[in-house]
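Engineer: The structure's right below; bear with me while I get my questions together.
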Amino acid sequence: MTMIDLTLAILVLLITPGPTNTLLFLAGAERGWRSALRLIPAELAGYLVMVVPLALVGVAVLHDAPRARALVAIAAGLWVAWLAIKLWLPQTVQRGTQRVSAALVFTTTMLNPKALIFGLVLLPSPDALGSHLALFSVLVVGVAAAWAGFGAWMGGVSGSDGGAMLWIRRGASVWLSVVSLTLLAKGLGA
């Protein structure tokens, strides 16, 4: 795979709406773009904690423990279901509130199934792992900033009343429910 092919593959996967992107979107909507940018190191750390070991030894481990992938999908599905429920429950949410924490972003990103694809398929390369990880890190930061910006824009368009933020959170909750059910189905069907 050329660097251009790798870049496009990483970008397409990173841009795809998922649990981490949903949290960054919500953070942007709740607190604005600049404040949401502070969550990006938590996302990058969450990815790297999973991706680096997977890229180094993951293929061998999954070969010896084929059910590990299904267990990760189930764990991720349950975590995302919890996030969906938490976002759905009524709360007084105003623009400027900080409900999305760095710890929540870190944990969600660690359990994000995209990490499996990055660590087991796209990034492993004994002679180019360093450059692949550097490219990956730059793209994670850029895409995260874009999702936070999109959320900030939507939060600004909807105004600062709690009703609009509630509907943004409920929409995110519905999306996360779909993601959760998909993950659970894959995990239980594997």
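The values are calculated or read from the model by the stated rules, or taken from the named source; none is laboratory data. Just so it is clear, the structure is predicted and the values come from calculations on it, not from any experiment. Glycine also receives a Cβ, built like all others from the backbone with ideal geometry; neighbour counts cover every protein chain displayed. Remember, those area values only see protein heavy atoms, side chains included, never the ligands or the DNA or RNA. Shrake-Rupley method; radii C 1.70, N 1.55, O 1.52, S 1.80 Å.
Engineer: Among ILE40, ILE15, ILE10, which is the only one that is β-branched (Val, Ile, Thr) and open to solvent by 40 Å² or more (accessible area, probe 1.4 Å)?
Structural biologist: Of the residues listed, the single one that is β-branched (Val, Ile, Thr) and open to solvent by 40 Å² or more (accessible area, probe 1.4 Å) is ILE15.
Engineer: Then there is this: Show the residue pairs meeting these rules: Cβ distance below 9 Å; 6+ apart or different chains; first residue within the stretch 46-61 and closer than 15 Å to MET110 by Cα; second residue open to solvent by 60 Å² or more (accessible area, probe 1.4 Å) and of a type outside the set (D, E, K, R).
Structural biologist: What qualifies is GLY46/PHE106; VAL49/PHE106; PRO53/VAL61; LEU54/VAL61.
Engineer: Does the stretch 110-133 hold any residues that are loosely packed, with under 14 Cβ neighbours inside 10 Å and in a helix (DSSP H, G or I), and which are they?
Structural biologist: GLY130, SER131 - these are the residues of the stretch 110-133 that are loosely packed, with under 14 Cβ neighbours inside 10 Å and in a helix (DSSP H, G or I).
Engineer: Then there's this: Write out, first by first residue and then by second, each pair whose Cβ atoms fall under 7 Å of each other, whose residues are 6+ apart or on separate chains, and whose first residue, in the stretch 142-157, is open to solvent by less than 50 Å² (accessible area, probe 1.4 Å) while the second is among the acidic types (Asp, Glu).
Structural biologist: So the pair list comes out as ALA144/GLU43; GLY155/GLU30.
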